[in-house]
1. Express as a percent, rounded to the nearest 5, the fraction of DSSP beta bridges in chain B (both residues included) that run antiparallel.
2. Around B:Cys413, which amide H atoms from residues at least 5 apart in sequence, or from another chain, sit under 5 Å from its own amide H, with H modelled in the peptide plane?
3. Counting only DSSP beta bridges with both residues in the protein assembly as shown, what percent are antiparallel, rounded to the nearest 5?
4. Run the simple label-point estimate for B:Glu163 and B:Glu498 please: 7 Å along Cα→C-beta, distance reported in nm.
5. Can you tell me the length gained on complete extension of the stretch B:Glu60 to B:Val279, counting 0.36 nm per residue apart and subtracting the Cα distance?
6. Return the subset of B:Lys197/B:Lys222; B:Lys392/B:Lys508; A:Lys75/B:Lys268 for which the Cα-Cα distance in this structure is over 25 Å, preserving the input order.
7. Compute the distance from the alpha-carbon center of the range A:1-62 to that of the range B:71-139, in whole Å.
8. From the Cα gyration tensor of the range B:524-683, with a ≥ b ≥ c the square roots of its eigenvalues, which class applies: rounded if a/c is under 1.5, or else prolate if a/b is larger than b/c, or else oblate?
Amino acid sequence: MSKSWLRLALIASSTIYLAYSAVALYNWLMDLAGLEGLTSILNTVTLSGDPGSFIALLTVGLLFTGSVYYVDDYKSTSCLLVGSAIAVALSAINLLVGVALTCDEAILATLGEATSISLASELTRLEVLLGVIGIPLLLYAIRRARSLTRLEV
Amino acid sequence: MSAHRGSQATRRFKLALVGNPNVGKSVIYNEITGGDAWVGNWPGTTVEKKVGRAVIGGVEFEVVDLPGIYSLSAYTLDEEVAVRFLVEEKPDLVVVILNAVNLERSLYLLLSVLEVGVRVVAALNMIDLAEGQGYKVRSDVLEELLGIRVIPTVAVKGVGIEELRKAILDTLSEPPSTYKVNYGVDVERAIEGLASKIKGYEPAGAKLNVRWLASRLLEEDKYAVELVERLNPELLKVAEEHRRRIEKTLGRPLDEYVVERRYEEASKIASKALIKAGVKKLSLTSLIDYAVTHKVFGIPIMLTAVYLMFRLAFDVATPLCTLVDYAFSSYLPSLISSLPMPEFASSLIGDGVVAGVGSVLIFLPNIALLFLALALLEDVGYLARAAFVVDKVMHKLKLTGKSIIPLLLGFGCNIPGVMATRAIEDEQDRKTTALATPMISCAARLPVYLVFAGALFTAYRGSVVFSMYLWSVIFAALTAIILRKALFKGVSTGFIIELPPYMAPQAKSVCFKTWLRCKRFLLKAGTVIVAVVVVVWLLSVTGPSGYLGVGALEDPELIEQSWIGVVGHWLEPIFTPMGWDWRASSALLVGFLAKEAVVGAMGVLYGVGEEGLSGAIASSFTPLTAYAYMLFVLLYVPCVATLATIRGEMGFKYALLALAYELALAYSVAALCVGVGHLLGVA
Ligand SMILES: Nc1nc2c(ncn2[C@@H]2O[C@H](COP(=O)(O)OP(=O)(O)O)[C@@H](O)[C@H]2O)c(=O)[nH]1
Ligand SMILES: [Mg+2]
């Protein structure tokens, strides 16, 4: 990956995460007010709306911004490494929750306490998709971290 | 010869483990004793000395895991515990655990222990990490310079443990260490003079190491002064004279000089034993820490970690909760009612025992996952960072950095939290933290929140539970400020928590810790809670008029005549402002024994199962009165076990103070919550 491509990707990612965190905050506030927020994109991708998601998304956004902002290789790698790791973890947790909740529905149906099984909305959350994009960033960050912390004999 | 061997076989030797915080002492303790000491990747996890038993080569040992310390200067409570043990209990052998990554500081402690004049074996631990950083430590050089056995180990992988066992056995039959740090002619002369004076007052058979005592006395070490004062107060004056004379020649305080000399010696030895295989410009730990401890990113990262932990604990556990729920609220009850049994027995088992166990077990999946996440974060080394990051904020609340550790532990259970306050040097800080810790919402309170939030705040369930944790932090902070202002005045000591290196978590350690904590929760559930639920069941089917029959459990009018109903009614007027009925009041009484018991008790009081409890709560509380009730449960009293711990750590007076303060606070907060709610027009 060339430097300028990477910068572009990082600027785009940080913008997306920061914007999404603002949406999550907005959704949460609307929810508290008992109003409808922006809960999905085209009825397919679900959007979060709770304080926890807001903070997690904001954190990732800030760290990606940091990785562009800092010129120093070690500072920017640190931000990129931690930021992409959190992005991937966020995605993984949502996937896990989605799978768990779907299993729950299946169990309820088996016990005869529910009639139909539907996929949990967590599986289609935007965090999940964004986390997939985060994987190459994480791999790249790990490679850079390796070279920065190499033992020189 | 045979007589000697016979006495060896029957005698139990005392073995002490000493080391800096976080060197892997507890891991080695567990390896040697097969015990279950808490292993955590952060300083200050061994807050009390722990005693276990070990048999090495047929010889029996009593093994004591002392708290982690940096020196033997009796400056902190931990150090005092350690030095007292070494001098008064006279262990037969001390294993000093060295950190290969921080050799100099480890050697400083080792020298201090050698000076006491005990048998010492050193374990050179964490050699894997040192090698990763491009160091090699030559244990043979250390052995030669120090005159003791030094065994390289990687405790977490069990490397070197067998050799360590053998070294312990071999050293046992040798004379104690006579290693002396050379403090220079003037100081040595003073030490000798003072030592011979002390010798004259030494009670017969006391076997004091007078040289050590003399040198500590010159340093004005708190513990040495106390010890010598008991022998003869005159000695203190003699020591004072010597000190003044030396300080004049040195032109500086003696204690400062002695510490410096010992450090010089430690670093001289370290430099001889260390070989650098290469240079590492940057460690992975410091690379990661740039972002993690960053002044802007640090706190958001910490909050994110907490959020991820909670998602894992509460959402991922859902299917498991469903299964437990099915077992205890449908499957087992129908099984029991189908068995041929008298009505009384069938109700006791079905409505008392099974319902009680079930209403606690249903939260086991949540709690187990929370503990799993906590153990992971602890072992990776992140909890120490979380503490470091919040440190700055906590300083504004007049608390020391170290207060964070007990408070964070308090989220799991308040008891280890209160116990961990022992690692805080300053007495005022320690007491403040110990009394603020019960405000932290422990895992036992969670079941209560979950039931209430689930019953009345379906859509906002998560937010409502989250808000309880926020309140808990706010009240802990307020309590700390109030106590600092009113009761424990004085400047708070600044303290920067030292950060351990990041480590890959060990599956064994993480699972073991999760299991230990769950076991504790289950034992509580299995004994206290079930007992409480059964007692509540009994009190519900009997009353001032005698046995009411099991019908009382389903008949609200009948249960009102039971003991529970009667006491609940006595209490009801007190809680009328909050709009809670007598059942809610009775359940609070039960919750004093253990907070998670509130849920089980309510199940019995409303005469419904787990499934029905939500409905019962939804119909007898409004969201406002339920929220006030949750706040009350958060604050009203620490459980009996926590109170007992506070009593043990600080005395009866403080336990009473905690009880009174929290009752008053909880009542005012709940009343305020309902009052404000009404003013705002919330039903
Ligand atoms: N890499 C490595 N880690 C170790 C070793 N020994 C202990 N640890 C880790 O160091 C941390 C502190 O261990 P613990 O026994 O709690 O230290 P204590 O505070 O001295 O009791 C834990 O995370 C252990 O898993 C070792 O030899 N190598
Ligand atoms: Mg320990």
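1. Working: 13 of 34 bridges.
The answer is about 40 percent antiparallel.
2. B:Ala443
3. Details: 17 of 39 bridges.
About 45 percent, rounded to the nearest 5.
4. 2.5 nm
5. Numbers: separation 219, 0.36 × 219 = 78.84 nm, distance 4.50 nm.
Value of the extension gain: 74.3 nm.
6. Details: B:Lys197/B:Lys222 19 Å; B:Lys392/B:Lys508 34 Å; A:Lys75/B:Lys268 35 Å.
Pairs exceeding the cut-off: B:Lys392/B:Lys508; A:Lys75/B:Lys268.
7. The range A:1-62 and the range B:71-139 have Cα centres spaced 51 Å from each other.
8. Cα axes put the range B:524-683 in the oblate bin.
Read-outs: derived from the displayed coordinates by stated rules, not from any lab. Just so it is clear, the model here is predicted, and its values are computed rather than measured. Glycine also receives a Cβ, built like all others from the backbone with ideal geometry; neighbour counts cover every protein chain displayed.
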